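The values are calculated or read from the model by the stated rules, or taken from the named source; none is laboratory data. Worth saying up front: this structure is predicted, and the values here are computed from it rather than measured. Positions of Cβ are generated from backbone atoms using ideal geometry, with glycine treated the same way; all protein chains shown enter the neighbour counts. What goes into the accessible areas is simple: the full protein's heavy atoms, side chains included, and nothing from ligands, DNA or RNA. Shrake-Rupley method; radii C 1.70, N 1.55, O 1.52, S 1.80 Å.
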Amino acid sequence: MSEYRVNGLSCGNCAMGLEQQIKMLEYGESATLSYNSGKLKLDPRVSLTAVERILKSDNAFIDRTHEHHNQHTHEHRDHDHKHNHSHDHGDGHSHSHDHGSSNKLMKLLIVSFVIYVAAFIFNNQLNDAEQIGMYVIAIVLSGYSTFIKGLKNLFALRFNIDTLMTIALIGAVSIGEWKEATLVAILFGLNELLEGLGMEKARRSMETLLKVAPKEAILLENGIESVVPISTLKVGDLVVVKPGEKIPSDGTVREGKSSVNEAAITGESLPVEKASGEPVFGGSINNEGVLHIRIEKAYKDSSLAKILHLVEEAQETKTPTELFINKFAKYYTPIIMAISALVILIPPLLLGGDWSKWVYQGLAVLIVGCPCALILSSPIAIVSGITRNARNGILIKGGVFLEQLGKIDTLAFDKTGTLTKGEPHVEKTIVFDEDQFLMVAGSIEKSSSHPLAKAIMKKINESAIDVPAPDEIQTVSGRGIVALVQGKRYWLGNEKSMEHIEIPKDIQQQINDLKEQGLTLVVVADNQQVLGMFGISDEIREESKSVIEALHRAGIKRTVMLTGDHQKTAEKVANIVGVTSYFGGLLPEDKVNKIKELAKNGRVAMIGDGINDAPALASAQLGIAMGKGTDSAIETADIVLMQDHLGKLPEAVSISKRVNSVIRFNIIVALGLKLIALLLTIPGLLTLWIAILSDMGATIFVTLVSLTVLIQKKS
């Protein structure tokens, strides 16, 4: 598919109409035109001249400053998108053309308004012809583009807002309502202007988000530094990143030490310390030291490029609500046109009403048939919600998932790595022989890379004791380790590996207690007695408890923990973090079945760390992965938390609930104002300008309410 940037789309309804027309061209079936992101996707075989002719009917046009971007296929999308910004002069104003047209419209509106007011004030000094002349000038200035579009549509029998406005203008003029007609033209122009600006504001905040992409890198080859465009970097290249500069792509620190601000990727505001061997993300900012980084991914495959790509795609998916509104709008306008015809014909023909009065009422009803505010009730709110979450390092892959997140009532958590850190730590130490226990354990575990050994060494290092090297070590399968330390033989392992000694009752009791608590045991003994033991568990994340509380406050009714660990461990973690229910001992396929079971009684989202949880994430109505941007998490999940903790999740839930209620509220306001306007025709009180204000008031209102989603409380 080729892709183009379209500027000058006047409203969501118009964009829909244009898309319909483009689909009718040869090879055009697969074309999509998104009002939210201003993007047109086309089969390369479609005639561009025909497309441009269709766009021109709405004063929209293909933005040629992004020309080279268009010829590329989908695969190179994310990578090219960055070059767009080279036309932005770095400030995100790639919509300068849109700006131009809205400024022009603004000037014309001001002039026509001044003329209108003058004609109104000097009513008595002017003769009819002069007055009408002034009104005509004002109408032409503010409404000519609508009028031309409307006439074209009328001849093609396409009824959109421009057609309705044109009929209303012609009608008003034909019954001599010059003053009304002028006000209608000016208000309509204003309406179009505001509608464009609202979407523009939401898109603009999305653009600032996309500007985190670096443009150039300093490449180090044979000791020589050279500045190269990001797109030319290859895996294995060595780059130098100076303080304050952006890291060009995902890689590993080769030398240097510094702290890095990863806010653009993970939404975390605190800097992360980096030293040799540590991974870094493209797009993060190096704070104080100079870092030499080996590039591990070409820019277009980096986390950042994927994120930007997803955020862009996200704007273009239609939510069920939007699809419903669009369908509704399709039938709404013709129905209103029919009502308008009845209003014009029935009172004069059957009830002896006055023709000019009822023609006027009918024209006013026509204007109520404009579904603009209704169609606008959802896109601005959705783009704002996606942007706001992306700023927090939460990627929502589409408006659909944003809407779903706001409706979720059950959250299923994978335990390991999600509610817990996924790394063992020593929770309890029981010592019987102070001199020997830690020294022997340290000596045996010192050189092992086993996770349990690491946890034990971390504990031993806290109590600065000297750990001698063992004389010899041998691993006995199923029995743990037998070692010679300072000429004496010791055993280390689980209780089963202690068969060579008789364990006294009181010690056995303590062993049973630790196992009851769901801890993994590591026992140390010499050839006669137990020296001590470690009780090891997976450390619970500090924030888990408060996150679960916050989620319950945000309206999640059930929080369920699923884990492969045994029931005892599950129970312990569940009690500490406060989930409403838990299930232990589950295999990956059991998790999938549990999710399906939960889904029978509610809307379920599953959260996991994305690697082993892929099947469960895929089977939930909504899959949320936390994964510092691991590829599999970004691929399988619908929502990705770029941090490796759940801290930002409650806010994401609140934002999506907020977006859903804003959309509901907007629909009620848009339809409510129209209904009031229609009811006013019964006593014959509807005027053209009330009809326009009902639509315009709704449009402005809907836009402003939607933009409030972007406001971030300073925490």
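For residues that are acidic (Asp, Glu) and under 17 Å from PRO248 (Cβ atoms), scanning just the range 174-224, find the one that is most open to solvent (accessible area, probe 1.4 Å). Steps first, answer last, please.
Residues of the range 174-224 that are acidic (Asp, Glu), as a first pass: 177, 180, 192, 195, 200, 207, 216, 221.
Adding the requirement that they be under 17 Å from PRO248 (Cβ atoms) leaves 216, 221.
On the way: GLU216: 121, GLU221: 102 Å².
If we take residues in the range 174-224 being acidic (Asp, Glu) and under 17 Å from PRO248 (Cβ atoms), then GLU216 is most open to solvent (accessible area, probe 1.4 Å).
Give the residues of the range 398-436 that are aromatic (Phe, Trp, Tyr) and under 30 Å from GLN315 (Cα atoms), sorted by residue number. If you could, list the steps in order and put the result at the bottom.
Quick first cut of the range 398-436, residues aromatic (Phe, Trp, Tyr) only: 401, 413, 432.
The answer is PHE401, PHE413.
Determine the pairs where a residue that is surrounded by fewer than 18 Cβ atoms within 10 Å (Cβ to Cβ), located within the range 138-152, has a partner that is of a type in the set (Phe, Trp, Tyr) with Cβ atoms under 7 Å apart, the partner being 6 or more residues away or on another chain.
none
So, in the range 178-188, of the ones that are modelled with pLDDT of 80 or more and of a type outside the set (A, V, I, L, M), which residue ends up farthest from LEU693 (Cα to Cα)?
TRP178
Yes or no: ASN512 free of Cβ contacts under 8 Å to residues at least 12 places away in the same chain and either exposed (fewer than 14 other Cβ atoms within 10 Å of the Cβ) or more than 30 Å from PRO650 (Cα to Cα) (or both)?
Values: free of Cβ contacts under 8 Å to residues at least 12 places away in the same chain: yes; either exposed (fewer than 14 other Cβ atoms within 10 Å of the Cβ) or more than 30 Å from PRO650 (Cα to Cα) (or both): yes.
Criteria met by ASN512.
Of (1) closer than 20 Å to GLU635 by Cα; (2) of a type outside the set (Lys, Arg); (3) in contact with an Asp or Glu (Cβ under 8 Å, 6 or more places away or on another chain), ALA298 satisfies all except one. Which?
(3) is the only condition that ALA298 fails.
It is to be established whether one or more residues within the range 647-654 are polar (S, T, N, Q) and open to solvent by 40 Å² or more (accessible area, probe 1.4 Å). Walk me through how you get there before you give the answer.
Kept after step one, since they are polar (S, T, N, Q), are these residues of the range 647-654: 654.
From the residues that got through so far, the ones that are open to solvent by 40 Å² or more (accessible area, probe 1.4 Å) too are 654.
Yes, some residue in the range 647-654 is polar (S, T, N, Q) and open to solvent by 40 Å² or more (accessible area, probe 1.4 Å).
I'm told CYS372 meets every condition in (1) surrounded by fewer than 16 Cβ atoms within 10 Å (Cβ to Cβ); (2) over 30 Å from LYS215 (Cα atoms) except one. Can you identify the failing condition by its number?
(1)
Which of the residues that make up the range 433-461 are assigned to a helix (DSSP H, G or I) and over 43 Å from the mean Cα position of the chain (by Cα)? Break it down stepwise before answering.
Restricting attention to the range 433-461, the residues satisfying the condition of being assigned to a helix (DSSP H, G or I) are 437-445, 451-461.
Of everything in the range 433-461, those that are assigned to a helix (DSSP H, G or I) and over 43 Å from the mean Cα position of the chain (by Cα) turn out to be PHE437, LEU438, MET439, VAL440, ALA441, GLY442, SER443, ILE444, GLU445, ILE460, ASN461.
Of the conditions (1) open to solvent by 60 Å² or more (accessible area, probe 1.4 Å); (2) part of a helix (DSSP H, G or I); (3) more than 30 Å from ASN59 (Cα to Cα), ILE170 fails just one. Which one is it?
Answer for ILE170: the failing condition is (3).
Does the range 315-340 hold any residues that are loosely packed, with under 13 Cβ neighbours inside 10 Å and more than 30 Å from THR32 (Cα to Cα), and which are they?
ALA338, the sole residue that qualifies.
Is it true that some residue in the range 447-458 is without any contact (Cβ under 8 Å) to a residue 40 or more places away in the chain, surrounded by 13 or more Cβ atoms within 10 Å (Cβ to Cβ) and polar (S, T, N, Q)?
The answer is yes; a qualifying residue exists.
Answer with yes or no whether SER102 is hydroxyl-bearing (Ser, Thr, Tyr) and either at pLDDT 85 or above or open to solvent by 60 Å² or more (accessible area, probe 1.4 Å) (or both). Write out each step before concluding.
Values: hydroxyl-bearing (Ser, Thr, Tyr): yes; either at pLDDT 85 or above or open to solvent by 60 Å² or more (accessible area, probe 1.4 Å) (or both): no.
Against the criterion (hydroxyl-bearing (Ser, Thr, Tyr) and either at pLDDT 85 or above or open to solvent by 60 Å² or more (accessible area, probe 1.4 Å) (or both)), SER102 does not qualify.
Is it the case that ILE367 is in contact with a helix residue (DSSP H, G or I) (Cβ under 9 Å, 6 or more places away or on another chain), in a helix (DSSP H, G or I) and either closer than 17 Å to SER34 by Cβ or basic (Lys, Arg) (or both)? Please lay out each step first, then the result.
On the way: in contact with a helix residue (DSSP H, G or I) (Cβ under 9 Å, 6 or more places away or on another chain): yes; in a helix (DSSP H, G or I): yes; either closer than 17 Å to SER34 by Cβ or basic (Lys, Arg) (or both): no.
Against the criterion (in contact with a helix residue (DSSP H, G or I) (Cβ under 9 Å, 6 or more places away or on another chain), in a helix (DSSP H, G or I) and either closer than 17 Å to SER34 by Cβ or basic (Lys, Arg) (or both)), ILE367 does not qualify.
Mind listing just one residue for me: the one in the range 32-59 that is over 24 Å from the mean Cα position of the chain (by Cα) and among the small types (Gly, Ala, Ser) and, of those, nearest to ALA381 (Cα to Cα)? Please lay out each step first, then the result.
Taking the range 32-59 as the starting set, the residues that turn out to be over 24 Å from the mean Cα position of the chain (by Cα) are 42-59.
Still in the running and among the small types (Gly, Ala, Ser): 47, 50, 57.
Details: SER47: 34, ALA50: 33, SER57: 28 Å.
Applying the filter and picking the extreme gives SER57.
Please enumerate the residues belonging to the range 541-574 that are open to solvent by 40 Å² or more (accessible area, probe 1.4 Å) and touching a residue at least 60 places away in the same chain (Cβ under 8 Å). Break it down stepwise before answering.
First, the residues of the range 541-574 that are open to solvent by 40 Å² or more (accessible area, probe 1.4 Å): 542-543, 545-546, 549, 552-553, 557-558, 564-568, 571-572.
Listed by number, the residues that qualify are GLU543, ARG553, LYS557, ARG558, GLY564, ASP565.
For the list (1) buried (at least 17 other Cβ atoms within 10 Å of the Cβ); (2) under 30 Å from LYS23 (Cβ atoms); (3) modelled with pLDDT of 50 or more, I need the number of the one condition that HIS81 fails.
HIS81 satisfies all of (1) buried (at least 17 other Cβ atoms within 10 Å of the Cβ); (2) under 30 Å from LYS23 (Cβ atoms); (3) modelled with pLDDT of 50 or more except (3).
Could you pull out the residue among TYR35, TYR27, TYR4 that is under 27 Å from GLY398 (Cα atoms) and open to solvent by 40 Å² or more (accessible area, probe 1.4 Å)? Walk me through it before giving the result.
On the way: TYR35 fails: open to solvent by 40 Å² or more (accessible area, probe 1.4 Å); TYR4 fails: open to solvent by 40 Å² or more (accessible area, probe 1.4 Å).
The match here is TYR27.
Filter the range 154-165 down to the residues that are part of a helix (DSSP H, G or I) and either buried (at least 21 other Cβ atoms within 10 Å of the Cβ) or among the acidic types (Asp, Glu) (or both) and list them by number.
Going residue by residue through the range 154-165, those that are part of a helix (DSSP H, G or I) are 154-155, 161-165.
Once the filter is applied, which keeps residues that are part of a helix (DSSP H, G or I) and either buried (at least 21 other Cβ atoms within 10 Å of the Cβ) or among the acidic types (Asp, Glu) (or both), the range 154-165 yields ILE161, ASP162, THR163, LEU164, MET165.
Within the range 396-424, can you find the residues that are part of a strand (DSSP E or B) and open to solvent by less than 50 Å² (accessible area, probe 1.4 Å)?
Pass one, the range 396-424, residues part of a strand (DSSP E or B): 396, 410-414, 420-424.
Result: ILE396, THR410, LEU411, ALA412, PHE413, ASP414, THR420, GLY422, PRO424.
For a quick check of your reading: which strands (runs of 3 or more DSSP E) sit entirely within the range 236-290 and have at least 2 residues that are without any contact (Cβ under 8 Å) to a residue 12 or more places away in the chain and open to solvent by less than 10 Å² (accessible area, probe 1.4 Å)? Working first, answer last.
Numbers: elements: 238-241, 251-255, 258-261, 272-274.
Counting at least 2 such residues, we get no strands (runs of 3 or more DSSP E) at all.
Restricting to the range 595-643, count the residues that are charged (D, E, K, R) and modelled with pLDDT of 80 or more.
In the first step, residues of the range 595-643 are kept if they are charged (D, E, K, R); the result is 596-597, 600, 603, 609, 613, 628, 631, 635, 638.
After this cut, where a residue has to be modelled with pLDDT of 80 or more as well, the list is 596-597, 600, 603, 638.
Residues that pass the stated criteria total 5.
Can you work out which of the residues in the range 375-395 that are part of a helix (DSSP H, G or I) and in contact with a strand residue (DSSP E or B) (Cβ under 8 Å, 6 or more places away or on another chain) is nearest to SER303 (Cα to Cα)? Before you say what the answer is, go through the steps one by one.
To start, the set of residues in the range 375-395 that are part of a helix (DSSP H, G or I) comprises 375-376, 379-391.
Filter once more, so that each one left must be in contact with a strand residue (DSSP E or B) (Cβ under 8 Å, 6 or more places away or on another chain): 385-386, 389-390.
Numbers: GLY385: 21, ILE386: 18, ASN389: 17, ALA390: 13 Å.
Filtering the range 375-395 for residues that are part of a helix (DSSP H, G or I) and in contact with a strand residue (DSSP E or B) (Cβ under 8 Å, 6 or more places away or on another chain), the one nearest to SER303 (Cα to Cα) comes out as ALA390.
Just to be sure I understand the filter: pairs with C-beta atoms under 6 Å, separated by 6 or more residues or on different chains, first member in the range 488-502 and touching a residue at least 24 places away in the same chain (Cβ under 8 Å), second member loosely packed, with under 13 Cβ neighbours inside 10 Å and not in a helix (DSSP H, G or I). Which pairs pass?
ARG489/ASN527
Which one of the conditions (1) loosely packed, with under 15 Cβ neighbours inside 10 Å; (2) of a type outside the set (Lys, Arg); (3) on the phi < 0 side of the Ramachandran plot; (4) not in a helix (DSSP H, G or I) does MET606 fail to meet, given that it meets all the rest?
(1)
Which of the residues spanning the range 18-31 are more than 28 Å from the chain's Cα centre (by Cα) and in contact (Cβ under 8 Å) with a residue 24 or more places away in the chain?
Once the filter is applied, which keeps residues that are more than 28 Å from the chain's Cα centre (by Cα) and in contact (Cβ under 8 Å) with a residue 24 or more places away in the chain, the range 18-31 yields GLN21, ILE22, LEU25.
Does ALA525 satisfy the condition of being of a type in the set (Gly, Ala, Ser) and under 21 Å from GLN643 (Cα atoms)?
Numbers: of a type in the set (Gly, Ala, Ser): yes; under 21 Å from GLN643 (Cα atoms): no.
Taking the combined requirement at face value, the residue does not satisfy it.
Would you say GLU130 is touching a residue at least 12 places away in the same chain (Cβ under 8 Å), over 24 Å from LYS330 (Cα atoms) and not in a loop (DSSP other than H, G, I, E, B)?
Judged against the criteria, GLU130 is not a match.
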